[in-house]
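Here is the structure we will look at, set down as C-alpha cells.
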Amino acid sequence: MAKIFCVANQKGGVGKTTTAVNLAAGLAQLNQRVLLIDLDPQGNATMGAGINKADLESSVYQVLLGMSDVKTARKTSETGKFDILPANRELAGAEVEMVELDNREKRLKLALAEVEGEYDFMLIDCPPALSMLTLNGLCAAHGVIIPMQCEYYALEGLSDLVNTIKKVHAKLNTDLKIIGLLRVMFDPRMTLSQQVSAQLEQHFGDKVFKSIIPRNVRLAEAPSYGMPGVVFDPSSKGAQAYIAFGAEMVERIHTL
Ligand code: ADP
Ligand code: MG
C-alpha cells in the first residue's frame, strides 16, 4: 500500500512544487513507484513533470468532482519516470463546486484508494492556502512534509499550518502527522539562515529532516525544460540534495 504525503505550506514560493517534483523523481531513481498529485490550479508540478497543462482531457479537477477517475486522468512523466495526476486552471473551480458534494473533504482520499496498491509513494503538491483543496490533501495523507526557507518570518506562518494539521488530525484524519520540516533554498553563508536553522532543530528536534536543500539555480531552470532538477542536471548540488532527501524518506517510512 502506498504511503501518502502532502507537501504543504500556506505560503507561496517556498519550494513546495520544487520539492514535490524532485522528490518524486528522486524516489523514482531509487526504484520506488510514485504518483505525484498536482493539487494547485497553477499546474506548476504538471508542467515541471513535462506534461502540457493546456492539453488535458481530464485532470484532478474531474476526479474530485466525480466526473473521471485516477486511472483515466493520470499521465506518466517521461522525464521524471513517475506518474502524475495533473492539474490546470480548471481546478480553481473545484473549491466552490465541492461545497455542495458529499464527503467534500475526503474526495481525494476516496479517489486515490483505487490505485493505492500500484504505488509505493503518493506525493501531493498543495496550493499556497489552507483551502478546501489543501484540506483534501491533508485528509488523504499519512503525513505532511513542510518545506521552509530559513528566514525570519518562516516560523510565524508555521504555527497556522501546525494548528490546521492538529485540527485535521483530531477531527478528520487520525493517521495524519508531521513527517518533517525540510530546509530549502538554504544559503549556508548567511548568518540568519544558520540561526533559524538551529532554532528549528531546537524546537522540532528530529522532525527536522537531516537533508538540506541548497539554493541552486539548476533547480530553478529545470521546469522550463519540462524536467525535474534531478534529471535536468543530476550532478548539481540541488539534484544531489533531493536524491539524498529521497533516500531519507525511504528510510523514514519504515519507522512510521
Ligand atoms: P511553491 O510551490 O511553494 O510556490 P516553488 O517550488 O514553485 O514554490 O518555488 C518558488 C520559486 O523558487 C521557483 O521559481 C523555483 O524554481 C525556485 N526554487 C525553489 N527551490 C529552489 C532552490 N532550492 N534553489 C533555487 N531556486 C529554487
Ligand atoms: Mg507550487
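Each value in this text was obtained by applying a stated rule to the coordinates, not by laboratory testing. All figures in this text were calculated on a predicted structure; none of them were measured in a lab. Glycine also receives a Cβ, built like all others from the backbone with ideal geometry; neighbour counts cover every protein chain displayed.
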Revision key, fill the gap. Each label sits 7 Å from Cα toward the beta-carbon; between residue 253 and residue 110 the label points are separated, in nm, by 2.6
Practice item. Please report the relative contact order for the chain, taking Cα pairs under 8 Å with a sequence separation of at least 6, and give it as a percent rounded to a whole number. Key: 26
Exercise for review: Multiply the residue gap between residue 152 and residue 52 by 0.36 nm, knock off their C-alpha separation, and tell me the result in nm, one decimal place.
Suggested key: 32.4 nm
Point to revise | Cleavage-rule hits, GluC sites (Glu not before Pro), the range 82-176, DSSP coil, Cβ neighbours within 10 Å at most 16 | key: 151
Review point. Where both partners of a DSSP beta bridge lie in the chain, what percent of those bridges are antiparallel, to the nearest 5?
Key: 10
Exercise for review: Could I have the simple spin-label model distance between residue 187 and residue 33, label points 7 Å from Cα toward Cβ, reported in nm to one decimal?
Suggested key: 4.3
Exercise for review: For the range 187-256, state the average projected area of the convex hull of the C-alpha atoms over all orientations, rounded to one decimal in nm².
Suggested key: 5.6
Revision key, fill the gap. Placing +1 on each Lys and Arg Cβ and -1 on each Asp and Glu Cβ in the chain, then taking the dipole about the Cα centre, the residue among 73, 51, 254 whose Cα reaches farthest towards the positive end is 254
Practice item. Would you mind getting me the FRET efficiency between residue 225 and residue 129? Use the beta-carbon distance for r and R0 = 30 Å, nearest 0.05. Key: 0.60
Review point. Taking neighbour Cβ counts within 10 Å as the exposure measure, how do 122, 185 sort from fewest upward?
Key: 185, 122
Revision key, fill the gap. Extension length gain for residue 198 and residue 96 (0.36 nm per residue less Cα distance), in nm, is 32.6 nm
Check your understanding: How big is the charge dipole of the range 3-253 about its Cα centre, in debye rounded to the nearest 20, if each Lys and Arg gets +1 on its Cβ and each Asp and Glu gets -1 on its Cβ?
Key -> 540
Check your understanding: Tell me, what is the FRET efficiency for residue 210 and residue 167 to the nearest 0.05, using R0 = 35 angstrom and their Cβ-Cβ distance as r?
Key -> 0.75
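Quick check for me: using +1 on Lys/Arg Cβ and -1 on Asp/Glu Cβ, what's the dipole size of the range 6-82 about its Cα centre, in debye to the nearest 20?
Charge dipole, the range 6-82, about its Cα centre: 220 debye, nearest 20.
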Study note, to complete from the structure: Residue span residue 237 to residue 177: 0.36 nm per residue of separation minus Cα-Cα distance leaves a gain in nm of 18.7 nm
Check your understanding: Among 134, 174, what is the fewest-to-most ranking by other Cβ atoms within 10 Å?
Key -> 174, 134
Review point. In the chain, which longest range has no chymotrypsin sites (Phe, Trp or Tyr not before Pro) that are both DSSP loop (not H, G, I, E or B) and surrounded by at most 14 other Cβ atoms within 10 Å?
Key: 1-151
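Starting from the coordinates of the alpha-carbon atoms of the range 3-253, obtain the Kirkwood hydrodynamic radius over all distinct pairs and give the value in Å to one decimal. Please report the intermediate quantities before stating the final value.
Values: mean 1/r = 0.0559 Å⁻¹.
Computed over the range 3-253, the radius equals 17.9 Å.
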